[in-house]
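Below: the structure, in structure tokens.
Values quoted throughout were computed directly from the atomic coordinates according to the rules given, and no laboratory measurement underlies them. What you see is a predicted model, and the numbers here were worked out from it, not measured in a lab. Cβ atoms come from the backbone with ideal geometry, glycine included; neighbour counts cover every protein chain shown.
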Amino acid sequence: MPHTENNARPNLLFIFADQLGSAYMGCYGHPQVRTPNLDRLAAESAMFEKAYTVCPLCTPFRGTLFTGRYPVQTGIYTNWQRIGDNEKTLANCFNEAGYSTTYVGKWHLSERKHTTWVDHKDRGGFKDFVGWDNGHARHIGQKYFDGDSPEELIMENHESDDLTDIACERLDRRAKEDKPFCMFVAYQAPHPYCNPPEEHLDTYRDKPIAYRPTVDHDTKFSGYGNLDSSETIGVKEWTERYFGEITHLDAAIGRLLEKVGELGLDKNTIIVFTSDHGDMGGCHGRFEKSVPNEEAARIPLFIRHPQITGGLRISAPASSVDFMPTVLGLCNLAPCPTTEGVDYSALILGKDGAPERDTVIMQLTDWSCIVRGDDKLTLDPEGEQAKSFFRLSSDPYEESNLVGNPDESGTIGELTALYRQWLADAKSRA
Ligand SMILES: [Ca+2]
């Protein structure tokens, strides 16, 4: 019997992008980037208006996603680290509850620095695994590995298309099984260097671009995805390619969502869409991530639940540390005692007295950040020195650093104390 009936054990399809900031999506207000399929999914979902990654970098994001714990607790602060053997993972919880667990796509959560087979011990507990560890290849000719075979396979087409085919084939398999599934699909798009098909590049090429106001047009991009080290591209070409890659990703995800409907899985499948972090896109003179700026730190987050009709907008802030407790809650699984985040399932389902977080914490090796409402304070990792303070309500593009402004010293002191208390508590639970 296919597991499509509405019951207490819904399926989970968790789709996430790599380097897609919410600032670059139609449903989050971008005036130009076309994301019609994701916009539709957002309109049918509980959409978080303000979601932050816990850490704007691949591996630490993934370390938190699959443990529900902060970098200071997992020790995963940088790329090329693995989940510790003593951590209880999201897939462990779903396996114990009788779900099948499937991972499709880019993993990037081990100590290997090249595109390789992912060893069983590094798979975070996922039982069916098709993907690869790390590796960027201009999205064309991506290597991957299927299941238990170390045989190297190559994606013949654009990776977003072939990955969607693989995910659809896995959905076919899961739909025939007599148990619920937990399936993650991790796209590498729109991680630069972007290489979208011509039709999507043409949507933006040589058109007037709606840049964010802080873009520095002299910024140069280099170094990723087989670009020669001497080769650089400017903001205009970078942006055309990035926007095209996002629109192509949107089309691919549209196809995946269609498959869910064709198989009749939409009646009992929770669908999550998010990303690990964003990209600066030339703002303040830089590309890439690893900084607390909104362009890099704010991520899309929407969750379509069979019980949500007509969509829901959630203004409470969310962090990627909340993802694990929230999906466990939505699937009616027991909470995992080691997770740190807020279980937002009650809020998503409109229950009274549902918990919400007041502050969001971000961490990286050389900075930490606390956001409360529209106040955003960045500090050194131990919280001893303020680096920047912005009031996003009046300064959404973070142009006026208020550290040193005597009018703000009270708020900065208060947020610093909150951060230090949080850090002490988090360390005590590490
Ligand atoms: Ca990433």
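Calculated from the alpha-carbon coordinates, segment 106-212 shows an Rg and a Dmax of 16.1, 52 Å respectively.
Do any of LYS220/LYS259; LYS88/LYS387; LYS236/LYS289; LYS121/LYS267; LYS351/LYS427 go past 28 Å between their Cα atoms, and which? In this structure, LYS220/LYS259; LYS88/LYS387; LYS121/LYS267; LYS351/LYS427 lie more than 28 Å apart at Cα.
Remark: segment 67-121 carries a charge dipole of roughly 180 debye about the Cα centre, counting +1 on each Lys and Arg Cβ and -1 on each Asp and Glu Cβ. For ASP216, the amide hydrogen comes within under 5 Å of the amide hydrogens of CYS283, HIS284, GLY285, ARG286, counting only partners 5 or more places away or on other chains and with H modelled in the peptide plane. Along the axis of the charge dipole computed for the chain (Cβ charges of +1 for Lys and Arg, -1 for Asp and Glu, origin at the Cα centre), the listed residues TYR28, SER275, PRO335 are led at the positive end by PRO335.
Relative to the compact-globule estimate of 2.2 N^0.38 Å, the Cα radius of gyration of segment 164-311 comes out at 1.24.
Bridging of LYS50 to lysines at a Cα separation below 16 Å is possible for LYS376, once same-chain residues fewer than 8 apart are set aside. Normalised Debye scattering of segment 366-428 at q = 0.25, 0.26 Å⁻¹ gives log10 I(q)/I(0) of -1.06, -1.13, counting only Cα atoms as equal scatterers and leaving out solvent. Dipole check for the chain: with +1 at the C-beta of Lys and Arg, -1 at the C-beta of Asp and Glu, and the Cα centre as origin, the magnitude is about 800 Debye. In square nanometres, what is the average projected area of the Cα convex hull of the chain? Hull-based average projected area comes out at 20.0 nm². Okay, helix-only estimate at 222 nm for the chain: each DSSP H run of n ≥ 4 adds -39500 (n - 2.57), divide by all residues, round to 500 deg cm²/dmol; what do you get? -8000 deg cm²/dmol, from helical runs alone. For PHE129, the residues 5 or more places off, or on other chains, whose built amide H falls under 5 Å of its own are TYR103, GLY147.
For ILE314, the residues 5 or more places off, or on other chains, whose built amide H falls under 5 Å of its own are MET47, PHE48, GLU49. Size descriptors for segment 139-188, from the alpha-carbon set: Rg then Dmax equal 12.1, 36 Å.
Altogether, the Stokes-Einstein calculation at 10 °C and 1.306 mPa s, with the Kirkwood radius of segment 205-291 over Cα pairs as Rh, returns a diffusion coefficient of 103 µm²/s.
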